[in-house]
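To start, the structure under review is shown below, and the notes come after it.
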There are 2 protein chains.
Amino acid sequence: MSPGVTRSIAILGGTGPAGTGLALRWVRAGESIIIGSRDAQRAQQVAATIKQKAHAQASVSGMENGAACAASNLLVLTVPFEGQATLLKQLKPAISEGSILVDATVPLAACVGGRASRTLGVWQGSAAQQAAEMVPKGVSVVAAFHNLSAELLSGDAPVDCDVVVCSDDPASAQIVRELARKIPGVRAVDGGKLENSRIVEQMTALLIGLNIRHKGHAGVRITGLPSEAYR
Amino acid sequence: MSPGVTRSIAILGGTGPAGTGLALRWVRAGESIIIGSRDAQRAQQVAATIKQKAHAQASVSGMENGAACAASNLLVLTVPFEGQATLLKQLKPAISEGSILVDATVPLAACVGGRASRTLGVWQGSAAQQAAEMVPKGVSVVAAFHNLSAELLSGDAPVDCDVVVCSDDPASAQIVRELARKIPGVRAVDGGKLENSRIVEQMTALLIGLNIRHKGHAGVRITGLPSEAYR
């Protein structure tokens, strides 16, 4: 871990399927999770459900997003794209310097009434790059977890999917890759710079289209790389 | 096969690494291949090399692109993006109605002096959609084979990669999926409409970036779909 990064992970917008799925897998792996939500009570309810699903000793609590932010410096953003910018503006004062913000946002066209198998163009290139423009100075943005099926995360079986991690800060990217590998079945791949997340985000739309067409829970494996690439 | 589609496959711009790799795998699977090139002599040389690498009975010949086009109605386009539109304009009179044009083009930024790990925006949405706008009426465009490593295709081992096939013509897409499955190791996935190829094309840039970073021959597997999705 980098200095200043605590071991509790705040999942902002963590009451949705992606957030609760990640939380479940991470508490099972022994991580301390804070579920963040607009509504503290809702966050606590979801935390209780996760605890029940995981185990009695699971370390998971629920807080309002701002409080969750203040209580951790490893933040995972799992809101729909339409909520990303507004939430980041609101949380900016609560995000402390040296924090890592993990962005899992995908700019699906569904957020403006279009299809979930199509994406919107984001001026900065990707949702993660938009996030990077909005966080306070000294905060590292890492793009990851876009391609994981929320339904598979909420289950018990290993997840047959790789997580491509993109960031301009290699140390933060490594912390997030370690976090990805705590999900059984998942391999983490160093995807290079944050700008590459625009492709990883798009892939989610393709996978959603495949799910609709074939009634599955599609994921992706990156083949053909030396074993070091998955570390 | 659709009525009127012969079993010989013309690979246009087929003297490059992707074209020769596909040709090698398909002649080994018993297909008749015509290598197309601007230069008929060069095409014949490459055809001879492929024959030598495959087996003495391999059915592979070389022709100028226009002649190759006229001799087949299953056309595979494996030119760099900067050559795609010009070649299609030139070949238009030679492409017969009812043909299938398989587009494997990726709009890499490298074609304007940029990086091969980045892409250009294509007005129509993707290289394949640009092709669809340029072919004569009654010609089906199918996008496929973007993510296969040319180096792995040129070898002997099974290729650890899926081929996502996108087209607005389901019958043509099925023919191309059958063709994909003739490459040992490859599974073909029905990727839906041609417009989805914009994501599949982008994925090539991500894989190239991974290859540069990790010194590999990256490919992609789509997981989590029922077995019918790979047929």
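The values are calculated or read from the model by the stated rules, or taken from the named source; none is laboratory data. Predicted, not measured: the structure shown is a model, and the values here were computed from it. Every residue, glycine as well, gets a Cβ built from its backbone with ideal geometry; the counts of neighbours run over all protein chains shown.
Quickly run through region A:143-162 and pick out the residues that are in a loop (DSSP other than H, G, I, E, B), more than 14 Å from A:Asn211 (Cβ to Cβ) and hydrophobic (A, V, I, L, M, F, W, C). If the condition is that a residue be in a loop (DSSP other than H, G, I, E, B), more than 14 Å from A:Asn211 (Cβ to Cβ) and hydrophobic (A, V, I, L, M, F, W, C), then A:Ala144, A:Phe145, A:Ala157, A:Val159 are the ones that fit. Test A:Cys161 against the criterion of being at pLDDT below 95 and surrounded by 16 or more Cβ atoms within 10 Å (Cβ to Cβ), and give yes or no. No: the conditions fail for A:Cys161. Scanning region A:178-204 for residues that are small (Gly, Ala, Ser), at the interface with chain B (Cβ under 9 Å from one of its Cβ atoms) and surrounded by fewer than 24 Cβ atoms within 10 Å (Cβ to Cβ) turns up just one, A:Gly192.
Pick out the one residue from B:Gln84, B:Gln52 that is surrounded by fewer than 19 Cβ atoms within 10 Å (Cβ to Cβ) and either at pLDDT 95 or above or out of contact with any helix residue (DSSP H, G or I) (no Cβ under 9 Å at 6 or more places or on another chain) (or both). From the options B:Gln84, B:Gln52, the qualifying one is B:Gln52.
Specify the residue that is surrounded by the fewest Cβ atoms within 10 Å (Cβ to Cβ); the eligible residues are those in region A:87-116 that are among the small types (Gly, Ala, Ser) and under 15 Å from A:Leu12 (Cα atoms). It comes out as A:Ser96.
Somewhere in region A:220-229, is a residue modelled with pLDDT under 95, part of a helix (DSSP H, G or I), more than 8 Å from chain B (Cβ to nearest Cβ) and surrounded by fewer than 18 Cβ atoms within 10 Å (Cβ to Cβ)? Yes, that holds for at least one residue. Given the criteria buried (at least 24 other Cβ atoms within 10 Å of the Cβ), β-branched (Val, Ile, Thr) and more than 9 Å from chain A (Cβ to nearest Cβ), does B:Ile208 qualify? Judged against the criteria, B:Ile208 is not a match. Residues that are within 30 Å of B:Leu206 (Cα to Cα) and touching a residue at least 40 places away in the same chain (Cβ under 8 Å): list the strands (runs of 3 or more DSSP E) wholly contained in region B:53-141 that include at least 3 such residues. Fully inside region B:53-141 and qualifying: B:74-77, B:100-103.
Within region A:91-150, the set of residues being of a type in the set (S, T, N, Q) and within 14 Å of chain B (Cβ to nearest Cβ) comprises A:Ser117, A:Thr119, A:Ser126, A:Gln129, A:Asn147, A:Ser149.
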